[in-house]
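Report on the structure given below.
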Amino acid sequence: MEIELIEIREFLAAHHPFDALPADVLDRLPKKLTVRYLRRGTSVPPADAGSRDLYIVRQGAVETRDQRGELIDKLGEGDVLTAACTRSRDDAAMTSVTVEDTLVYLLPCEQLDGLRSAYPDFARHFDATLTERLEKAIEVLQQMPQRGSGLLTVAVGSLVKRPAVFVGPQASIREAAQRMSNERVSSLLVMQGDELLGMVTDRDLRNRCIAADVAISRPVTEIMTTQVYTISSELAGFEALMQMTRLNVHHLPVVDGRRVAGMVSTTDLIRHESANAVYLAGDVSKADSVEVLVEISRQLPEMQIQLALAGASARHVGDAVSTVNDAITQRLLRLAEAQLGAPPVAYAWVTGGSHARREQTSHSDQDNALIISDDFTTEHESYFESLARFVNDGLNACGFVYCPGDVMASNSQWRQPRAAWRRYFDTWINEPEPMALMLSSVFFDLRVVHGDASLLESLQQENLEKTRANGIFLAYMVANALTHRPPLGFFRNIVLIHGGEHDKTFDIKLRGVVPVVDLARVYSLAEGLEEVNTLDRLRAAAGTKALSAEGARNLEDAYDFIATLRVQHQARQLRAGEKADNFIASSEISGLERRHLKDAFRMIATMQQAIEQRYQSSRLR
């Protein structure tokens, strides 16, 4: 093969969907392509095109706009323009123009049709709708094998943290129980030298000794389980979990050859699989000091890592982290009340932002406030000030750092009786100036973590009635939401941040996650919906006047893909011992992920354009 053809073949093989073609097909494909140079400002296809072709961008850039002139896509190296071959109604309404001098490969449409007929994986790229491509991308992203230690890959032997705890057959039941208590284990083995005779668990002590009225001086062999199942240390942790499930047991001795290496329990497996938010929250509830809470909170990054390794979605991670944060906050409040005494009047500790929406990642900053009963008097101020400062300081020590904007209960502005909060909301809704809009974005996402929930619930009901009927307020909220636009220019190696600490990176939260969060909030306020979580808001609004069912599904898919990509980026940073952030380098994203991101950004931009036109919010900026 000539050197030029080899170079074209390698280029095609490196870009989707051509990477889905067999090697021998790729070998023949370059000879079927023609090369064309298009100067900047040329229509694609150009006016003098003599045939219908698929355009493959080799170098340069092409912009595609809709009939209103709105930018809907930007193509760079490796991207394909299918309009001439597909001739869909949507394509007919679009125009594409080179914005740089551009080199393209042309593949005749009949050749494309032949490849699509012969190779389903290749055809899927062209046949699938944007929504279908995103749904598949989410599935692949969550199933993608991660480099780590999920139960599918970790060996059972590596889960054994200590040698087996055992007694000899001559030991009494009392001695066995004392050994278990001293070693803080829920099971122990009965062994004769290296031979495993049986096993005793807490359940055996209850059912076979105490309930059966067997004297604790009797030999432990009288209550032990003799049919003991073991598992090889070389098998995967997932095999151990499945074996326990089949046998309905909670402990398995781990053997290395014929030697008993230790014990593995369902608790060990579940903790490792990162369903350990429940266990962390349980540990938090027992903590007797801020120092203990700080130690527990240090496990949060590992929990996020393991969830990502297990293929968890952003929602799963958010639920887990927020659950632990809830537990820490509640425990701090109880510790504060134990120190300060019972609260003089009822109150609700409310959280805002990503924590309220249950979309938090490990160790985000704080957003919280206090809504106090209207029985509050000035003599109660010192109590609630001390309470708030204790909790805010404790959260900061646990890694949930102080809010840069001071939106915390320790700020007296956000520690007020219910009547004051009602006046706040009335002002924000009726006088939507810039600061009011910023605060609305925080305080319309609230959730009670501890205390009298009715204090917030009654406020929310009143507020939602007011926002649903206030078109001017909603128009201003839309205009504020549209300050965060997805980067439709995200293509090739172009980056969106230049210079400084985050040079050559892309802020996936600000430009990807936040736009959907903002849209979902507006839909929720427009329909008077109580939901706070972004996905819950989209689902609740689906099929209403504010949002079509299709639009809700599309935004949900876009959000799920972007947010999960963000969670996996942070997990990689945490595993490397780095601080997690939202800044992704373009080199970190594969070509296929970049294409799916573009699909997601296009989806979000389309929904932003629709809501902007509905509320005519461009007039307010």
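Please treat every number below as a calculation from the coordinates, not as lab data. Because the structure is a prediction, the values reported are computed rather than measured. All Cβ positions, even for glycine, are placed from backbone atoms using ideal geometry, and neighbour counts span all protein chains on display.
Using the Kirkwood radius built from alpha carbon pairs, what does the Stokes-Einstein equation give as D for the range 278-620 at 4 °C and 1.567 mPa s, in µm² per second?
In µm²/s, the coefficient is 62.
Along the charge dipole of the chain, pointing to its positive end and built from +1/-1 on Cβ of Lys, Arg, Asp and Glu, which listed residue (473, 170, 134) has its Cα farthest out?
134
Rank these for me by crowding, 286, 32, going from fewest to most other beta carbons within 10 Å.
The fewest-first ordering by Cβ neighbours comes to 286, 32.
What 222 nm value per residue comes from the helices of the chain, counting each DSSP H run with n ≥ 4 as -39,500 (n - 2.57) and dividing by all residues, nearest 500 deg cm²/dmol?
Calculated at 222 nm, the ellipticity per residue is -14000 deg cm²/dmol.
Using a simple charge model, +1 on the beta-carbon of Lys and Arg, -1 on the beta-carbon of Asp and Glu, nothing else, what dipole does the range 278-620 show about its Cα centre, in debye to the nearest 20?
The calculation lands at about 1280 debye.
Dipole magnitude of the chain about its Cα centre, charges +1 at Lys/Arg Cβ and -1 at Asp/Glu Cβ only, in debye to the nearest 20?
Roughly 520 debye for the chain.
In whole angstrom, how long is each semi-axis of the equivalent ellipsoid of the range 310-450, when you take the square root of 5 times every eigenvalue of its Cα gyration tensor and sort them from largest down?
Calculated on Cα positions only, the semi-axes equal 24, 21, 12 Å.
P(r) tail for the range 1-62, what percent of Cα pairs lie past 15 Å?
So the pairs more than 15 Å apart make up 56 percent of the total in the range 1-62.
Tell me the Kirkwood radius of the chain: reciprocal of the mean inverse pair distance over distinct alpha-carbon atoms, in Å.
In the chain this quantity evaluates to 28.5 Å.
Estimate the FRET efficiency between residue 34 and residue 67 by the formula 1/(1 + (r/R0)^6), using the beta-carbon distance for r and 22 Å for R0, to the nearest 0.05.
It comes out at approximately 0.15.
Roughly how large, in nm² to one decimal, is the mean projection of the convex hull of the alpha-carbon atoms in the range 502-609?
7.3 nm²
Mind jotting down the three principal axis lengths of the range 156-272 based on Cα atoms? Whole angstrom, largest first.
Cα extents, longest axis first: 40, 28, 25 Å.
For the range 28-48 and the range 565-621, write down the distance between their C-alpha centroids in whole Å.
31 Å
At each listed q (0.17, 0.21 Å⁻¹), what is the log10 of I(q)/I(0) that the Debye formula gives for the range 3-127 modelled as equal alpha-carbon point scatterers?
-0.88, -1.32
Would you list 214, 80 from fewest to most Cβ contacts within 10 Å?
Ordered from fewest to most neighbouring Cβ atoms within 10 Å, 214, 80 come out as 214, 80.
Using alpha carbon centroids, what distance separates the range 295-320 and the range 343-360, in Å?
21 Å
Full extension from residue 2 to residue 258: what is 0.36 nm times the residue separation minus their Cα-Cα distance, to one decimal in nm?
86.0 nm
Which whole-percent values make up P(r) of the range 374-423 when all C-alpha to C-alpha distances are grouped in 10 Å steps starting at zero?
24, 50, 24, 3
Using a 10 Å cut-off around each Cβ, can you sort 242, 199, 303 from fewest to most neighbouring Cβ atoms?
Ranked by crowding around the Cβ, least crowded first: 242, 303, 199.
Once R0 is set to 25 Å, what does the formula 1/(1 + (r/R0)^6) return for the Cβ-Cβ distance between residue 174 and residue 285, expressed as a FRET efficiency to the nearest 0.05?
Efficiency at R0 = 25 Å is approximately 0.20.
Looking at 237, 82, 549, which one has the Cα that reaches farthest to the positive end of the dipole of the chain (charges on Cβ: Lys, Arg +1; Asp, Glu -1)?
82
What distance in nm lies between label points placed 7 Å from Cα along the C-beta direction at residue 86 and residue 226?
Those two pseudo-labels are separated by 7.1 nm.
What Cys residues in the chain have no fellow cysteine's beta-carbon under 4.7 angstrom?
209, 398, 403
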